[in-house]
Amino acid sequence: MGRKPFIVVVLAALVVTTAASAAHSARRADTVVSSTTTELMPGVTYTREVELTAAGPVVLDIVTAPKPDGTVYSLAPVLSNGTLVHTAKLTRMEQGLYPHATTVGLDGDYFDAGGEPNSILMRRGLLDSQPKTGRTSAGFSTDGTLQAAQVAFSGTWQATAGQRQLALNSRRGHFTLFTRAYGHSTPLEPDTVAEAVFSSFPPTAVGEDIVGTVSQMTSVGGTPIPPGGAVLVARGTDNATKLQTEAGVGQQVTVHLTLTPDWSGLASAIGGGPVLVKDGKAVFVNGETFRPGFLQSRMARGAVGQLADGRILLVTVEAAAPAYSVGISTYSLALELVKLGAVTAVGLGSGPQAGMAFNGSLLTRPASGTEQSISDALVLSYTGVYASPVAPVLSPNGDGAGDTETLTYRLVRPATVTATLHGPNGAIVPIESGGPEAVGVHTFVWDGTLASVPQPEAAWTFSVTATDDRAIETTAERTFSLDKTLGSLTVFSNSSGGETARFVLSRQADVVVRVLRPNGYAVATFHLPHLAPGPHRVPWKGTTAGKYVMRVDATSTIGTSSLVAPFVLK
C-alpha cells in the first residue's frame, strides 16, 4: 500500500450520440440500444449502431455521404493490386489511395478462388469484367446516381469473316479477350490452342467499335499481355483454326462490347447482388442465382444505397461473434436500408470478407477474427481539405493532461489555405492567412492563448478553408472546448486500505467519479452534484486486487471535461 500517487496521463474522449439524418432518427427506437455518430470528413458521417433482435445483437456500420459529383467526392470501385486475378485487404487498398484522397470504403463483389470478381467491374467508363447473368449489379452515372439492374453482356470480334462471340477477361466461352486489367499474362488453360496478340489495343469502351491489329500469333497460353495491348484467346481446335485463319498477323480485328440495359454512359459499375431496395421499398429475393439459403442466412453483409436527395449510404452489418453481432439476412438488411431512407440499394459482398475501413484502418470487427483479402472494393474518395479529429477538451491548467491542443489538416492537392480558430463572442485566433501550401500534413499546437493572453473558456472551432489547383474551395472544421474546470487527477492509497481520487475544480461542477475495470465495466460510481471550486477527494474501498481505471467527469457551465487515471489495487 505504500506506492506513490498515480498521476493521470490521458484526457478521456467524449462520445457524442446523434442522429445520422432525419430518416435515421425516425427508425424504431425500441430496438436501438446504442448509436454513436462521428464525422469522418467534411459532409461524411459514420454511425455505429447496435440493435437488439430476437436472434441477438446486430451491429450496423453506416456511412452517409454527399452525392458523388466526381470532383470533390467520388464513388468508384477499386481493384486489388490493379488486376482481376489478385486479392488484397481493404485497408491495404485504401492505404494505396491515401496520397491522393481521404477514403472510406467497403467490400465489393463476390469472387472466386483465383481472385476474379464474379460479375461486372467498370472503372472510369471502361469495362474490365463482364456481368454475371441473373445477379443485380450497381452502376453509377457521372452525376452520382445509383442504378440497379440485372445486366446482360454480349461481346463479339470480327476480322475477315463474320462476327464471333467472345468473353471479356473470363475463362468461359470459345473466345476471350484478355486485357491488362486481367493481369500480366493470359491464364494457362489446357484447351487454349491459339492466341492473337495485340501490342496496342484501344480501351474497352462499351458500345463502340474497338479496332486493333494482330502483332503476333502464339499457341502456348500464359502469354504476356502487352501494356496498352490485349490478347484474343481461342479454345478448342476448331476455334483455334478460325482465329488463325481470320485474324493472322497484320490483320485488323474489330471488337464490340454491349451491355443491356445500356450502361455505356456510366462512370463505373460493380457486381454484387441482390437488389435490396427498389423505389423506396424492400425487395424480398428468393434467388438471383445465389445458392439456396445464402440470402436468408445470418452473416456479415455489405450494401450501397442512395437517399431521395442523392446522398449515398454505405452499410456493413458485422458478424464477429454471437454475443457481439449475429449478422443479418438480405431481406432484413433491405428493411434496415428502407428505415435509413434508401430509395435504391444493392447488396455487396457477404461473409467473412465483408468489412468497412476509413483511411486504411478498419471500422468493423472482422467476422473471422482477422481481416480477409478481397477482389475489389467500393470506395468513396474525398479530395478536399481534411482536418484530423481533435481532443474534445483543451485544459491548459498545467497538470500535464490536455494542456495543449494539436490541430492538423491535410492537403492532397496544392492549395491556398486560411486556417482560423473561432471562439466565443467573436474571438479569433489566426493560424494560416491565405498563403499557398504544399501537399501533405500541416500541424499546429495551441495552448489556449493569443500573444500570451489566455483566451475565454467555451466552445471553439478549428476551421480550415482551402482553394486547390482546380479552383475548388473546400472547408473542414473540428470543434472542441477550452475548459479549465477539471485538473490534477491523481489516485493514491488511503489509510483504510482503499484508493482515493484527488482532483481540483476551478469552478462549481456536477461531478461523477467511476471506478472501472479495464474493459469499461463500472465497479463503483459516485455522483457528486454542485461541488464547489477547490481540491476534492473521493475515497473508494476496493476489495479485489487487480487493474482499474479511475474516471472523473465534471459538468459545468462550460461543458463536460473528463480525466482518467489507471491504477493497481494490491
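What is the residue count in the range 28-60 for residues that are polar (S, T, N, Q), at pLDDT below 95 and either surrounded by fewer than 17 Cβ atoms within 10 Å (Cβ to Cβ) or touching a Cys at 6+ places or on another chain (Cβ under 7 Å) (or both)? The number of residues fulfilling the criteria is 4. Restricting attention to the range 304-322, the residues that are farther than 12 Å from L106 by Cβ and in a loop (DSSP other than H, G, I, E, B) total 7. Number of residues in the range 499-521 that are surrounded by fewer than 16 Cβ atoms within 10 Å (Cβ to Cβ) and modelled with pLDDT under 95: the value is 5.
Here is a check on your reading of the model: is R537 open to solvent by 50 Å² or more (accessible area, probe 1.4 Å), among the charged types (D, E, K, R) and either farther than 22 Å from P392 by Cα or touching a residue at least 40 places away in the same chain (Cβ under 8 Å) (or both)? Against the criterion (open to solvent by 50 Å² or more (accessible area, probe 1.4 Å), among the charged types (D, E, K, R) and either farther than 22 Å from P392 by Cα or touching a residue at least 40 places away in the same chain (Cβ under 8 Å) (or both)), R537 qualifies. In this structure, is D191 among the acidic types (D, E) and surrounded by fewer than 13 Cβ atoms within 10 Å (Cβ to Cβ)? No.
Considering the conditions (1) within 37 Å of the chain's Cα centre (by Cα); (2) open to solvent by less than 60 Å² (accessible area, probe 1.4 Å), V445 is excluded by exactly one of them, (2). Take G310 and tell me if it is open to solvent by less than 10 Å² (accessible area, probe 1.4 Å), more than 17 Å from S350 (Cβ to Cβ) and of a type in the set (G, A, S). So G310 passes the test. The set of residues in the range 449-468 being of a type outside the set (D, E, K, R) and within 35 Å of the chain's Cα centre (by Cα) consists of A458, A459, W460, T461, F462, S463, V464, T465, A466, T467.
Need a quick list: strands (runs of 3 or more DSSP E) entirely within the range 527-570 having at least 1 residues that are among the charged types (D, E, K, R).
534-540, 546-555
The residues listed here are S388, S375, S368, S381; of these, the one that is of a type in the set (S, T, Y), touching a Phe, Trp or Tyr at 6+ places or on another chain (Cβ under 6 Å) and under 20 Å from T91 (Cα atoms) is S375. Hey, can you tell me all the residues within the range 467-490 that are among the aliphatic types (A, V, I, L, M), open to solvent by less than 20 Å² (accessible area, probe 1.4 Å) and over 13 Å from H536 (Cβ atoms)? Listed by number, the residues that qualify are A476, L482. Exactly one residue out of M122, M93 is within 24 Å of G173 (Cα to Cα) and of a type outside the set (K, R): that is M122.
The set of residues from the range 129-149 being more than 16 Å from T344 (Cα to Cα) and either open to solvent by less than 10 Å² (accessible area, probe 1.4 Å) or more than 23 Å from the chain's Cα centre (by Cα) (or both) comprises S129, Q130, P131, K132, T133, G134. Strands (runs of 3 or more DSSP E) wholly in the range 84-194 with at least 1 residues that are farther than 27 Å from G70 by Cα - which ones? Output list reads 152-158, 175-179. Filtering A234, A205, A269 for residues that are at pLDDT 95 or above, over 34 Å from the mean Cα position of the chain (by Cα) and among the aliphatic types (A, V, I, L, M) leaves a single hit, A234. Restricting the range 81-128 to residues that are over 13 Å from the mean Cα position of the chain (by Cα) and β-branched (V, I, T), the residue that is surrounded by the most Cβ atoms within 10 Å (Cβ to Cβ) is I120. Take the conditions (1) surrounded by fewer than 16 Cβ atoms within 10 Å (Cβ to Cβ); (2) in contact with a helix residue (DSSP H, G or I) (Cβ under 9 Å, 6 or more places away or on another chain); (3) in contact (Cβ under 8 Å) with a residue 60 or more places away in the chain; P274 misses just one of them, which is (1).
The values are calculated or read from the model by the stated rules, or taken from the named source; none is laboratory data. Model, not experiment: these values are computed from the prediction. Please note: Cβ atoms are built from the backbone with ideal geometry, for glycine as well, and neighbour counts cover all protein chains shown. Ligands, DNA and RNA are stripped out before the accessible areas are found, and what is left, the full protein with its side chains, is counted by its heavy atoms. Shrake-Rupley method; radii C 1.70, N 1.55, O 1.52, S 1.80 Å.
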